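Data block below; observations after.
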Amino acid sequence: MRVRNWIAVLVSVILLAAAGTVALLVNRSAVSAADAVHRADSTALGANNATLTGQLQLLSAQELAEVLADYPLRLAKADTADRAILTAAAAKSTTFQYGLMLTDLDGNVLTASRDSGLPAQDDAAWAPMREQFRDGATTGFSGVMIVDNITVAAVAVPVTVAGTVSGYLVGLNQIATTALQKYTAELSDDAYITAIVDSSGRVGASSVPDLIGGSLNEAIDPSLGSGATHFVEYKAGKTAMIAIVVGGLPSGWSYVRTQSKSSFDGAVHGRSQTLNVVLLLVVLIGMSGVSLLGYRTLIQRRRSDQRFQALFQHAPDLVAILDDQGRIIFTSPSSHAVLGYEHGSLTGQSVFDMLHPDDQEGMRARLAALLADQSGVLRLQCRVRSATGHFRWFDFTASNQMQNPALNGIVINARDVSENRAFQERLAHEAQHDALTGLPNRRRMQDVLGTSLGRIPVAVLFVDLDGFKPVNDEHGHEAGDELLRQVADRLSGCIRAGDVLARVGGDEFVVLMPGQISPAAVEATRNRVRQVVELPFRIAGAEIHIGASVGVHMATPAEDPDAALRAADHAMYEIKRGRQASGHTGRHRATDRS
């Protein structure tokens, strides 16, 4: 009997040891899988934020290009005309209010909008910009520089004369006030610190403003500037830290997010270690008899369930399972935090009823294709209705688990991407619209003209304001900007639905009239444009009169868009020269009515 008892105990110990070993290996595998998913999600988030950061930096360079397009620069040493242009442009700029300057090809300052506070020519932070231009780049970015205790950075574009690069237009921004710093501050979180750093490791923008101008831990420096994403583990004192480093920005800078290793790993690792201890205790307790085997197994399963339930409860993503008809058979508890629905209230509902009407048909087709592929995975974005009735954008990853008996459904992992999508749409809109008037800019107008001429004729009206420059000279640029806004409003009322009105230059506008249009209708539109512009404008207490020269070109299908635009521009200048020859110059006239 005793032998049989010892055999029973030995068998129990062996069984428990085997079960414990298997459970440890499964737990390690689960933790490794969770780590892989967490790192992949962190990599995707870092790459997305790095992309947005790069777009913000490129938008600042576009502002310099617009200055070159609007103003001719002489590139002479201490030229007063160039200084006036730089001073006016810096005052109007939203990015380079700190200052603008012109340099020769060696970096020597020719003219600047300010007399002092300029970075030293031998500052090491200029080196990345010079290297970028040597490599043929059309935009250059410096590192972070400190001038009179102010942290600044520079963006530059080449200035060409007769087709040859003769110097550079350099914009200086005070980093603490830039759109990049404001965006980085919005990424503030108690768990981590976000920073945008130059190739030397100096901080250019941070969710903690006090770090601007400082340096990160030297362990991170070797990963800066690389186009790949790196996870760097290091020590800050006695605290284990981890940094996500995403390089490859157009400026040569890098996106860096640092946090403690424990906060990055989260609760999974802590609970995994607890489970390991529990399993070892179960094995030891099992030596006291077979009777404890069932009890300890029950404890193990209960704690395992609690661990996975905790993962679902606190995960930021929404997890759901659908049947083959698209009905919801399970949702994770995070549905309440993400969409506002009580846990379990969505069970039995059709997922299609929760989608935006414009997305339902596409989702039905994609899910039907997924059901036909037993190992298929689907990735898409669509809009989902929250408990408040508002639609929010989600990034969906769906996998076919119909053959998995534990799931028997379509498993969906969804993440709310509404804020990122809205920010991307805003950037796309700003890239194709004039910031002053809100009208489509030259790029947008050329896209529409090229698309239209591929199918139908287009009447192109090129509008140039007569007498606009004196308004700027006599009343200031703010009055000139207000005049342009009022002109844009009036011209918008002159065109038909389907026509396109764009601002293509300082005081130049273009109207596109697609379709078969009679010359009489085009002439009527031209007359309306001239008439509304010649009506008096009320600006800053003064009544201002200007005129407009309108050139027309009837472009035929398949005509080159650039040629059509040049023809309309040429027609406008012919009209302007004709007026000058006849003595009708359309000079500006202002009357004080205050």
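The values are calculated or read from the model by the stated rules, or taken from the named source; none is laboratory data. Because the structure is a prediction, the values reported are computed rather than measured. Heads up, the Cβs are rebuilt from the backbone with ideal geometry, glycines too, and the neighbour counts pull from every protein chain shown. Protein only, heavy atoms only, side chains kept; ligands, DNA and RNA dropped before computing areas. Shrake-Rupley method; radii C 1.70, N 1.55, O 1.52, S 1.80 Å.
If N is the number of residues in the stretch 344-487, what value comes out of its Cα radius of gyration divided by 2.2 N^0.38 Å?
Computed over Cα atoms of the stretch 344-487, the ratio equals 1.71.
Picking from ILE150, THR164, TYR255, whose Cα lies most toward the positive end of the charge dipole for the stretch 132-259 (charges on Cβ: Lys, Arg +1; Asp, Glu -1)?
Toward the positive end, the furthest listed residue is THR164.
Ordering ASP104, ASP447 from largest to smallest accessible area (1.4 angstrom probe), what's the sequence?
Per-residue accessible area, sorted high to low, gives ASP447, ASP104.
Size of the dipole of the stretch 171-228 about the Cα centre, Lys and Arg at +1 and Asp and Glu at -1 on the beta carbon, nothing else charged, in debye to 20?
Charge dipole of the stretch 171-228: 200 debye, to the nearest 20.
Using unit Cβ charges (K, R positive; D, E negative) and no other charged atoms, how large, in debye to the nearest 20, is the dipole of the stretch 11-128 about its Cα centre? Don't skip to the end; give the middle numbers.
Working: 7 positive and 12 negative charges, 91 e Å.
In debye, rounded to 20, the stretch 11-128 gives about 440.
For the chain, what does the helix formula give at 222 nm: sum of -39500 (n - 2.57) over DSSP H segments with n ≥ 4, over the residue count, nearest 500 deg cm²/dmol?
Details: 15 runs with 255 residues, N = 594.
Result for the chain: -14500 deg cm²/dmol, rounded to the nearest 500.
Within the chain, what is the longest stretch that has no trypsin sites (Lys or Arg not before Pro) placed in a DSSP loop and near at most 16 other beta-carbon atoms within 10 Å?
It runs 239-454.
Might you tell me the accessible area per residue for the chain, computed with a 1.4 Å probe and given in Å²?
51 Å²
How high is the FRET efficiency from VAL532 to ALA563, r the C-beta distance, R0 30 Å, rounded to 0.05? Walk me through the intermediate numbers first.
Numbers: r = 29 Å, r/R0 = 0.96.
Given R0 = 30 Å and the Cβ-Cβ separation, E is 0.55.
With every protein chain left in place and a probe of 1.4 Å, what is the accessible surface of HIS570, to the nearest 10 Å²?
Solvent-accessible area, nearest 10 Å²: 110 Å².
Amide H of LEU75 versus every other amide H placed in the peptide plane: which residues, excluding those fewer than 5 positions away on the same chain, fall under 5 Å?
For LEU75, no residues qualify.
So if R0 is 30 Å, what FRET efficiency would ASP135 and ALA91 give, r being the distance between their Cβ atoms, rounded to the nearest 0.05?
E between ASP135 and ALA91, to the nearest 0.05, is 0.35.
For the chain, count the residues as N, evaluate 2.2 N^0.38 Å, and divide the Cα radius of gyration by that value, please. If you can, show how the numbers build up before the last one.
Working: Rg = 32.8 Å, N = 594, 2.2 N^0.38 = 24.9 Å.
Expressed relative to 2.2 N^0.38 Å, the Cα Rg reads 1.32.
What is the dipole size for the chain, taken about its Cα centre, with +1 at each Lys and Arg Cβ and -1 at each Asp and Glu Cβ, in debye to the nearest 20?
Roughly 2040 debye for the chain.
If you take the charge dipole of the chain about its Cα centre, with +1 on Lys and Arg Cβ and -1 on Asp and Glu Cβ, which of ILE212, THR43, PHE330 is farthest toward its positive end?
PHE330
Among residues other than ILE193 whose Cβ falls under 13 Å from its Cβ, what is the net charge (Lys/Arg +1, Asp/Glu -1)?
On the way: positive: ARG257; negative: ASP189, ASP190, ASP210.
The answer is -2.
At 1.4 Å probe size, with the rest of the protein present, what percent of the exposed accessible area of the chain is carbon and sulfur atoms?
54 percent
With every protein chain in place, what's the accessible area of VAL384 (1.4 Å probe, Å², nearest 10)?
Roll a 1.4 Å probe over it and VAL384 shows about 10 Å².
Once Lys and Arg get +1 and Asp and Glu get -1 on their Cβ, which of ASN404, GLN374, LEU427 lies farthest toward the positive end of the dipole of the stretch 319-459?
It is LEU427, whose Cα lies furthest towards the positive end.
When the chain is fully extended, how far beyond the present Cα-Cα distance does THR397 get from ALA36, taking 0.36 nm per residue of separation?
Numbers: separation 361, 0.36 × 361 = 129.96 nm, distance 1.61 nm.
Difference between extended and current length: 128.4 nm.
Just read off the accessible area of GLU342 with the full protein assembly in place, 1.4 Å probe, to the nearest 10 Å².
Roughly 120 Å² of GLU342 is accessible to a 1.4 Å probe.
Each label point is 7 Å from the Cα along the Cα-to-Cβ direction; what then is the distance between the points at ALA120 and THR556, in nm?
Distance between the two pseudo-spin positions: 6.6 nm.
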